[in-house]
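The values are calculated or read from the model by the stated rules, or taken from the named source; none is laboratory data. Quantities reported herein were computed from a predicted structural model and do not represent experimental measurements. Cβ atoms come from the backbone with ideal geometry, glycine included; neighbour counts cover every protein chain shown. The area values use the complete protein model at the heavy-atom level, side chains included, leaving out ligands, DNA and RNA. Shrake-Rupley method; radii C 1.70, N 1.55, O 1.52, S 1.80 Å.
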Amino acid sequence: MEEKDISQAVISRLPRYFRYLGELRDEGIQRISSRELSELMHVTASQIRQDFNNFGGFGQQGYGYNVEYLYDEIGKILGLDSSHSMIIIGAGNLGQALVNYMNFRNRGFYFTAAFDINPAIIGQKIGDVPILSMDELPEYIRIHETDIAVLTVPKQEAKEIAKTLVGGRIRAIWNFAHIDLPVPPEIQVENVHLSDSLMKLSYNIRRAGNKE
């Protein structure tokens, strides 16, 4: 398929399509129409068709979508047909929770190492993932090609760590620190601001209360 620019709004909906289609597949459902999928996901059928048309359509008029085929194709678009190596920097509570989240492994995302400055946990493991000293990070990423570095460190440390990552064989950063990272454009960055999501939820609670 020829690559073309796809809006971030469309890309942000693909994982949700993938999740719902996986659930349908597991339930033994073989095909579904855009109308049925829209009722399930609360997205308009027109939006679903427009999103899928960015990648060639996938459906047949009068038949709908083959669930397993569509699930597999969206997985390929998302890059889930190959495995991704990851390291985590910051092996505290959040870092350990992410490493222990088995669904990442099920999707082909494998942690190979964790890094921290706490001498009490250096040398231990999170499951089968070793916790190494931060001093070992530059050499590790020089030797090991790593797809994704996950940052779960305070924001005051994140910028300096990002500079170290740029000097290694890192392709992307999943950033949980509340700060923009100074990295070159060839390194992909996805920022996760947990408090932003919580504040959005707080706003919606307030808005719903004002309607009562």
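Quick rundown of the values:
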quantity: Nearby lysines by direct alpha-carbon distance to K155 (threshold 18 angstrom, same-chain neighbours under 8 apart not counted); calculated: K163
quantity: Gaussian network model of the chain, Cα within-10 Å springs - most flexible of Y71, Y20, Y63; calculated: Y63
quantity: 222 nm mean residue ellipticity, helices alone, for the chain (DSSP H n ≥ 4; -39,500 (n - 2.57); rounded to 500); calculated: -14000 deg cm²/dmol
quantity: Selected from G168, G108, G22 as most flexible by GNM, with the chain as the system and alpha-carbon contacts under 10 Å; calculated: G22
quantity: Set of aspartates and glutamates near K125 by C-alpha distance (under 19 Å), chain-local residues within fewer than 8 positions excluded; calculated: D116, D135, E136
quantity: Fraction of accessible area attributable to carbon and sulfur, the chain (%, probe 1.4 Å); calculated: 49
quantity: Antiparallel content of DSSP bridges confined to the chain, in %, to 5; calculated: 20
quantity: In nm, spacing of pseudo-spin labels at E186 and H144 (7 Å Cα→C-beta vector); calculated: 2.2
quantity: The chain: angle of helix 155-166 to the longest principal axis, Cα-based, in degrees nearest 10; calculated: 90
quantity: Exposure of F109 as accessible area (Å², to 10), given a probe of 1.4 Å and all protein chains; calculated: 50
quantity: Solvent exposure of the chain as accessible area per residue, Å², 1.4 Å probe; calculated: 62
quantity: Residue of M134, M102, M199 that the Gaussian network model of the chain assigns the largest fluctuation, springs spanning Cα pairs under 10 Å; calculated: M199
quantity: Convex hull projection area averaged over all views, segment 36-76, Cα basis, nm²; calculated: 2.9
quantity: Globularity index of the chain, i.e. its alpha-carbon radius of gyration over 2.2 N^0.38 Å; calculated: 1.20
